[in-house]
Amino acid sequence: MTKPNELEPLAPTEAIAFYEDDRRSEVSEETLQSHGYRLQRFAEWCDDNGIENLNTITGRDIQHFRKSRSEEVNTVTLKSQMDTLRVFMRFCESINGVQNGLADSVRSPSLDRQNVRNKDIVRANKAETILSYLDKYQYATLEHALFRFFWTSGCRIGAAHSVDLDDLHLRDEFVELEHRPETGTTLKNGYSGERAISIDTRTRNILGDYINENRHNVRDDYE
């Protein structure tokens, strides 16, 4: 087993960049982007919890991350994120960035038949096909903007329903989720569920183009 003093310092964002560069010749650009979106959630969690060097991360930290994500996304999304994190951790092991065996501590939820039957599942390859079609034939439509945001952020439909125009910080590439029971737009976990969701540049551009070109200028009863 690799000893702590044999590890080489590795920041989460640096590790993700190394990983993407290593996988670039092995997978499609769409798959690589999907992995990047999922790993960005992990990098954000590390930042929120003061983890600047992956040398120090433990199996317990991985479990805390899993619990945090399980409160924000459904089981299907959680499984895809944890599966990607396991592959990522194996890569980090190979470059002396984390303790050997850490990848084995990444537990992914199982999807039983009842779970699958009760959810509308869009698998990665299907989602990539849908996005390619929307990019080409329905660019910046409502359907394009929504699907892109849901797929890249892992956001729940109910949470997205709470988003107002003022919550979109496109220049800074993030979306705010706020609990507003007085206006009928609530979050599953109430005020504790309020958070900022980062978005990639491509998603930002599509949302911006939808707002500027195709969005109907409507207001609700609370404006």
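The values are calculated or read from the model by the stated rules, or taken from the named source; none is laboratory data. Remember, predicted model here, so these are calculated numbers, not experimental data. Cβ atoms come from the backbone with ideal geometry, glycine included; neighbour counts cover every protein chain shown.
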Out of everything in the stretch 1-29 that is acidic (Asp, Glu) and under 16 Å from Thr201 (Cβ atoms), what residue ends up being modelled with the highest pLDDT? Glu20
Only residues in the stretch 96-110 that are among the hydroxyl-bearing types (Ser, Thr, Tyr) and loosely packed, with under 15 Cβ neighbours inside 10 Å count as the first member; pair them with residues that are outside any loop (DSSP other than H, G, I, E, B) and modelled with pLDDT of 90 or more, Cβ under 8 angstrom, at least 6 apart or cross-chain, and list the lot. none
Considering Tyr19, Tyr37, which residue is crowded, with 17+ Cβ neighbours inside 10 Å, touching a residue at least 40 places away in the same chain (Cβ under 8 Å) and either touching a Ser or Thr at 6+ places or on another chain (Cβ under 6 Å) or among the acidic types (Asp, Glu) (or both)? Tyr37
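Listed here are the residues, each with its yes/no results for (1) surrounded by 17 or more Cβ atoms within 10 Å (Cβ to Cβ); (2) closer than 19 Å to Glu213 by Cβ; (3) modelled with pLDDT under 80.
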residue	(1), (2), (3)
Ala140	yes, yes, no
Phe147	yes, yes, no
Ala159	yes, no, yes
Thr201	no, yes, no
For Val27, all conditions in the list (1) assigned to a helix (DSSP H, G or I); (2) more than 20 Å from Val98 (Cβ to Cβ) hold save one; what is the number of the exception? (1)
Being assigned to a loop (DSSP other than H, G, I, E, B), among the small types (Gly, Ala, Ser) and outside the structural domain of Phe42 (by TED's automatic domain parsing) narrows it down to one residue among Ser162, Ser132; which is it? Ser162
Specify which of the listed residues (Asp167, Asp209) is surrounded by 12 or more Cβ atoms within 10 Å (Cβ to Cβ), modelled with pLDDT of 80 or more, over 30 Å from Thr58 (Cα atoms) and in contact with a strand residue (DSSP E or B) (Cβ under 7 Å, 6 or more places away or on another chain). Asp167
